[in-house]
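Asker: Pasting in a structure now, in structure tokens, and then I'll have a few things to ask.
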Amino acid sequence: MLKWAGGKRKLLPSMIERIPDNFNRYVEPFVGGGAMFFELRSRNLITGAVLSDVNSDLISLYTIIRDKPGQLIESLGDIDYGNNREDFNRAREEFNSDPLPVRKAALMIYLNRHCFNGLYRVNFSGKFNVPFGRYNNPVIPGKEQIMEVSGSLKNVDLKCCDFENSIREAREGDFVYLDPPYQPISETSSFTSYSSGGFGEKEQRRLAKIFRDASSSGVFLMISNSDSPLIRELYSDFKISNILAARNINSNGKGRGKINEVLITNY
């Protein structure tokens, strides 16, 4: 549905083969583009689910897709911005002016498909500031795709909250998948400003502590992150698997290509 920086679509085979054999609810505190959730849903491997993110615009969009897909489809049809920098900047300005929720959701989809690399980044004022992406033929999701996503989100609990709140709500037998902003492995690889607060080493350490706490409560946990010394240190007591991933976001072209990432599980 959404392009999303750091999305896991290409890694899904490696991830799916590592999920628990049986679990109760599915919980995803950094939902982003939701590739893992939608794949598990399409395979009928999920019954109850809780999806959350600190990005209020993202959760609002998913809520509107779930509850008001017809209105969203109509609003998307009213978007008259084209595929050029001037129209993109006008759409971004309108989005940042906080229009009505359905209109803002439609604008978010337009911006997502036209912005650079599917990034969602905000400045210190909390305003979306990703530049125009210069794609030849960006495609806006149509009625059929929106209705399919809406169906997948039925009976899903959507929350805008800090990751700690979602993880601490997980109970024994639930499966929590965590895809936080990655720990940078170089000075040019840090894109963590999905919210105005950022996500630095302090947050990585807080996440690791909550991961450990939830693990002791009988919750199944999986986390993906960069293969960095800090991450290996924080999760040294758990199972760490290496996977190869394509890196598409780097200000230095030599920093793109296949790199090692890690999948960490407590089971």
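The values are calculated or read from the model by the stated rules, or taken from the named source; none is laboratory data. The model shown is predicted, which means the values in this text are computed figures rather than measured ones. Counting neighbours? That spans all protein chains shown, and the Cβs are built from the backbone with ideal geometry, glycine included. Note: accessible area is taken over every heavy atom of the protein model, side chains too, but ligands, DNA and RNA are not part of it. Shrake-Rupley method; radii C 1.70, N 1.55, O 1.52, S 1.80 Å.
Asker: Taking a 1.4 Å probe, which of GLU201, GLU17 shows the most accessible area, and what order do the others take after it?
Answerer: GLU17, GLU201
Asker: Only Cα pairs under 8 Å and at least 6 apart count here; give the relative contact order of segment 67-147 as a rounded whole percent.
Answerer: 32 percent
Asker: Using a Förster distance of 30 Å, how high is the FRET efficiency between ALA246 and SER42, based on the Cβ-Cβ distance and rounded to 0.05?
Answerer: E between ALA246 and SER42, to the nearest 0.05, is 0.85.
Asker: Shifting gears a bit: How far apart, in nm, are two points set 7 Å out from the Cα along the Cα-to-Cβ line at LEU100 and at TYR135?
Answerer: If labels sit at LEU100 and TYR135, their model points lie 2.8 nm apart.
Asker: Rounded to the nearest 5, what % of the DSSP beta bridges within the chain are antiparallel ones?
Answerer: Bridges in the chain are about 55 percent antiparallel.
Asker: Greater than 32 Å separation of Cα atoms is the criterion. Which listed pairs, LYS159/LYS202; LYS143/LYS202; LYS104/LYS258; LYS154/LYS258; LYS127/LYS159; LYS68/LYS202, meet it?
Answerer: Pairs exceeding the cut-off: LYS143/LYS202; LYS104/LYS258; LYS154/LYS258; LYS68/LYS202.
Asker: Can I ask one more? Excluding ligands and nucleic acids, what accessible area in Å² is computed for MET108 using a 1.4 Å probe, to the nearest 10?
Answerer: Around 10 Å² of this residue is reachable by solvent.
Asker: Averaging sequence separations of C-alpha pairs under 8 Å and six or more residues apart, then dividing by the length of segment 1-130, give the relative contact order as a whole percent.
Answerer: Worked out over segment 1-130, it gives 27 percent.
Asker: Relative contact order for the chain: what percent, with Cα pairs under 8 Å and sequence separation of 6 or more?
Answerer: Value for the chain: 22 percent.
Asker: Provide the per residue accessible area, probe 1.4 Å, for segment 92-247, rounded to a whole number of square angstrom.
Answerer: With the other protein chains kept in place, segment 92-247 gives 49 Å² per residue.
Asker: Stretch CYS160-ASP80 to full length: gain in nm at 0.36 nm per residue minus the Cα-Cα span?
Answerer: Full extension of this stretch gives 25.9 nm more.
Asker: How far apart, in nm, are two points set 7 Å out from the Cα along the Cα-to-Cβ line at ASN123 and at ASP87?
Answerer: Result for the modelled spin labels: 2.5 nm.
Asker: Now for a different question. Is the shape of segment 86-212 best called rounded, prolate or oblate, per the rule: a/c under 1.5 gives rounded, else a/b larger than b/c gives prolate, else oblate, with a ≥ b ≥ c the square roots of the Cα gyration tensor eigenvalues?
Answerer: Oblate shape, in that a/c is at least 1.5 and b/c is the bigger or equal ratio.
Asker: Determine Rg/Rh for segment 54-106; Rg is computed over alpha-carbon atoms and Rh is the Kirkwood hydrodynamic estimate from the same atoms.
Answerer: My calculation puts Rg/Rh at 0.98.
Asker: Which of rounded, prolate or oblate describes segment 130-173 when judged by the alpha-carbon gyration tensor and an a/c cut-off of 1.5?
Answerer: oblate
Asker: Moving on. For segment 67-147, which whole percent of the accessible surface, found with a 1.4 angstrom probe, sits on carbon and sulfur atoms?
Answerer: In segment 67-147, the share of accessible area belonging to carbon and sulfur is 47 percent.
Asker: Can you tell which of ILE231, ILE240, ILE16 shows the greatest fluctuation in a Gaussian network model of the chain with Cα springs below 10 Å?
Answerer: Its mean-square fluctuation being the largest, the pick is ILE16.
Asker: Still on this structure, please answer the following. Let me know the shape class of segment 67-147, please: from the alpha-carbon gyration tensor, a ≥ b ≥ c as square roots of the eigenvalues, rounded when a/c is under 1.5, otherwise prolate if a/b is greater than b/c, or oblate.
Answerer: oblate
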